Amino acid sequence: MSPHPETGPSDLRLVDEARHRLLDMISSGALRPGDKLGTERELAATLSVSRSTLRQVLAVLAQAGVVRRVPGRAGGTFVAHSKVDRDLSVIVGLPEYLRRQGFVAGTQVLSATMTGADDLTAAHLDVPAGTLVVDIVRIRLADAVPISLERVRLPADLVPGLLELPLGGSIYDLLERQYAMTPQDVIEHLEVVEASPDEAALLGVADRAPLLAITRTSRTADGVPFEFSDDLFRADRTCVTFRTKAERAEIVGRAASEHAVDLRAAETRPAG
């Protein structure tokens, strides 16, 4: 049965023609993934159709996954991304990445505790094993769908009172605002791993589905390590971008795992 049984043949033709014009704008690059389409009035004028016809066009394209309709004052209709682009060349919080690409960012805090650093955490943070660290585990959402599972550990003595603050946004923004702490030297390792049953359940994927695992250690401008993180991104929802200038990058060695190569940039600067 047609979704618009009252629509006549001429109206269906107008919807189909407008749909093709909008698809042509997307395929030509005039509209790019993440672009906001504008108001109904503007878009209807661009496509030379009525607003009621436009709504039918957008409903068809939204059902097909070509556009995403985001409710609310800051919402609108966006050209859909097939995947979230995670750019490892700049340092910003994941919510900012998502907002730049037209997604609605969300967070579910699974746990936030004070605990003793295990050997691995202690090594990355340059502290003795057992040193108190703040340990935060969160699920990050894009348009209410899980995109990543992240765990961040921070030396407790550098972030007093952190557990009393809201932890649903960007940790980097929170650290800069509350503790005047920003990442200046960041080393990240990327590898593909299989989802464990618990990870699969949290991320909404099948057991042993591929995940992009990013391990990160961040230091301040004074060389003080303040963050050790493990992020697991859904491979079906994420792509990764690297930007490297040959004269500024060097291969410094192979990590303990035979599956990871450590690429260290001479300078890594925050995006701002």
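The numbers here are math on the coordinates, done by the rules we state, and not lab data. Predicted model only: the values in this text are computed from it and were never measured. A quick note on method: Cβ atoms are made from the backbone with ideal geometry, for glycine too, and the neighbour counts reach across all protein chains shown.
Results, tabulated for the structure shown:
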| quantity | calculated |
| --- | --- |
| Fewest-first ranking of THR77, THR107, using other Cβ atoms within 10 Å as the exposure measure | THR107, THR77 |
| Ordering of 26-35, 233-242 by packing [mean C-beta count within 10 Å, highest first] | 233-242, 26-35 |
| Fewest-first ranking of LEU211, LEU162, LEU175, using other Cβ atoms within 10 Å as the exposure measure | LEU162, LEU175, LEU211 |
| Pairwise FRET efficiency - ARG13 versus VAL192, Cβ, R0 = 35 Å, nearest 0.05 | 0.15 |
| Theoretical gain in end-to-end length, VAL145 to CYS239 [0.36 nm per residue, Cα-Cα removed] | 32.2 nm |
| The stretch 84-265: C-alpha gyration tensor shape, a/c 1.5 cut-off, then a/b vs b/c | rounded |
| Pairwise FRET efficiency - ALA59 versus SER111, Cβ, R0 = 35 Å, nearest 0.05 | 0.30 |
| D (Stokes-Einstein, µm²/s), Kirkwood Cα radius, the stretch 184-242, 1.002 mPa s at 20 °C | 170 |
| Overall form of the stretch 17-102 per C-alpha gyration tensor (a/c, 1.5; a/b vs b/c) | prolate |
| Label point at VAL224 placed 7 Å out along Cα→Cβ; residues across the stretch 169-188 whose backbone nitrogen lies under 17 Å | 172-186 |
| Cα-projected label distance for GLU42 with LEU132, points at 7 Å along beta-carbon direction, nm | 5.2 |
